[in-house]
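Heads up, the thing below is written out as structure tokens.
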Amino acid sequence: MLLDAPDQEYMYSGHVGCPGCGAAIAMRFTLKALGDKTIMVLPACCWSIIAGPYPMSTLKIPVIHSAFETGGAVASGVRAALDMKGDTETTVVTWAGDGGTFDIGFQALSGAVERNEDFIYVCYDNEAYMNTGVQRSSSTPYGAWTTTTPGPEWKKMRKKNIVEVLVAHRIPYVATANIAFPEDLVHKVQKAKGLKGSRFIHIYASCPTGWRIPSEMSVKIARMAVQTNIFPLYEVESGVKYTINYKPKEYLVREYFKLQGRFRHLTEKDLDQIQEMVNEDWGLLLRKAGESL
């Protein structure tokens with residue numbers, strides 16, 4: 001499937017992302033799938049910085065920088081303007097982090113998809129407010145250290161399941177993707193591009209800076225997230241048809257957690273509890289897809 005993606009690059013070679021930035025990898029493959037007839041809305045996030053200060057830009061497509069909370073609303077307006085001009089070829093995409101999706105931007109996102117606005121919303125998820133200093137978001141996983149959940153106050157709440165929240169809106173297409181599985185990512189973005197109405201793609205994008213991992217481990221950690229069922233790859237059509245895209249042979253979470261400094265404080269008992277949570281979530285997903293363990 002990756003071979004169907006064009007050789008054309010839609011990112012310039014220079015950008016100001018951190019070394020090993022998963023969000024930069026996610027953008028590169030997403031743009032390959034979308035092509036040049038794309039307008040991208042960038043609410044405040046890491047990518048607001050990575051894209052570069054005016055008049056420079058890392059991206060070879062038109063970009064609109066918007067306020068943190070307005071990703072869904074601005075994309076709706078851009079789509080309406082293009083429709084007024086008779087432009088049915090240009091794809092409108094909102095590209096937002098987990099803070100601008102799970103939290104601050106959720107109202108505008110939910111309102112837009114409830115109306116089934118015709119755009120793709122991509123959330124690249126690095127599991128905290130990384131651009132402003134590694135503060136916890138509702139995407140931050142159970143057990144994680146952040147600057148607002150430090151020391152013994154590590155996050156004791158589970159990560160919000162944003163995919164299931166969007167599935168509940170019964171929109172045409174919702175999918176998860178991961179930078180370590182580029183062929184799956186490209187295929188899903190191409191599939192979303194070929195549909196009408198609201199489409200949502202949740203991309204796992206590791207962050208060496210906030211996760212306290214070496215930059216060269218970024219892709220490996222992302223791959224392990226899928227292999228341990230921390231971040232399953234699946235898609236949901238029209239809110240009811242579930243398809244699981246990858247099934248690990250075994251899924252022990254310990255090694256995934258022990259490689260990351262943000263989880264260094266966890267005890268063996270904590271890891272056992274997290275394993276139970278992962279098993280529960282995986283079993284629930286299998287039931288929704290009509291499959292068995």
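Only the coordinates and a few stated rules stand behind these numbers; no lab work does. Values in this document were obtained by computation on a predicted structure and should not be read as measured data. Reconstructed Cβ throughout: ideal geometry from the backbone, glycine too, with neighbour counts over all protein chains shown.
Segment 57-92 and segment 165-181 have Cα centres spaced 20 Å apart.
Counting pairwise Cα distances across segment 187-288, what percent come out greater than 23 angstrom? More than 23 Å apart: 37 percent of the Cα pairs in segment 187-288. Taking label positions 7 Å along the Cα-Cβ direction at both Gln135 and Lys193, the computed distance is 3.6 nm, reported to one decimal. Where both bridge residues fall in the chain, DSSP classifies roughly 30% of the beta bridges as antiparallel.
In segment 1-109, the DSSP beta bridges split such that about 10 percent are antiparallel, to the nearest 5. Note on segment 42-171: antiparallel DSSP beta bridges, both residues inside, total approximately 20 percent of the bridges counted.
The Stokes-Einstein estimate for segment 237-293, based on a Kirkwood radius over Cα pairs and taken at 37 °C with 0.692 mPa s viscosity, is a diffusion coefficient of 250 µm²/s. With θ taken as phi - 60° and the Karplus curve 6.51 cos²θ - 1.76 cosθ + 1.60 applied, the whole-hertz 3J(HN,Hα) list for segment 242-258 is 9, 10, 8, 8, 8, 10, x, 6, 8, 9, 8, 7, 3, 5, 4, 6, 6 Hz, x standing for glycine and proline. Taking 0.36 nm per residue of separation and subtracting the Cα-Cα distance, full extension of the segment from Glu153 to Ile244 would add 29.3 nm.
Computed packing ranks the peptides 133-145, 151-163 as 133-145, 151-163, most packed first, by mean other Cβ atoms within 10 Å.
Relative to the globular-protein estimate of 2.2 N^0.38 Å, the Cα radius of gyration of segment 42-117 stands at 1.12.
Return the Rg/Rh ratio of segment 2-288 with Cα-based radii and a Kirkwood Rh.
On the way: Rg = 18.0 Å, Rh = 19.0 Å.
Radius of gyration relative to Kirkwood radius: 0.95.
Full extension of the chain between Ile64 and Glu280 yields a length gain of 73.7 nm, computed as 0.36 nm times the residue separation minus the alpha carbon distance. The modelled label-to-label distance for the pair Lys220/Thr267, using points 7 Å beyond Cα in the direction of Cβ, is 2.9 nm.
Counting only residues at least eight positions apart within a chain, or on another chain, the aspartates and glutamates with an alpha carbon under 16 Å from that of Lys160 are Asp98, Asp103, Asp125, Glu127, Glu280, Asp281. For the chain, the membrane-span-like helix rule (DSSP H, alpha carbon extent of at least 15 Å along the helix axis, mean Kyte-Doolittle at least 1.0) picks out 22-34; this says nothing about an actual membrane.
For GluC sites (Glu not before Pro), the sites in segment 226-281 that DSSP calls loop and that have at most 11 other Cβ atoms within 10 Å are Glu250. Are any of the pairs Lys32/Lys249; Lys191/Lys288; Lys155/Lys220; Lys191/Lys220; Lys60/Lys247; Lys32/Lys247 more than 29 Å apart by Cα-Cα distance, and if so, which? Table pairs above 29 Å Cα-Cα are Lys32/Lys249; Lys60/Lys247. When each of His202, His265, His187 is scored by the number of other beta-carbon atoms lying within 10 Å, the sequence from fewest to most is His265, His187, His202.
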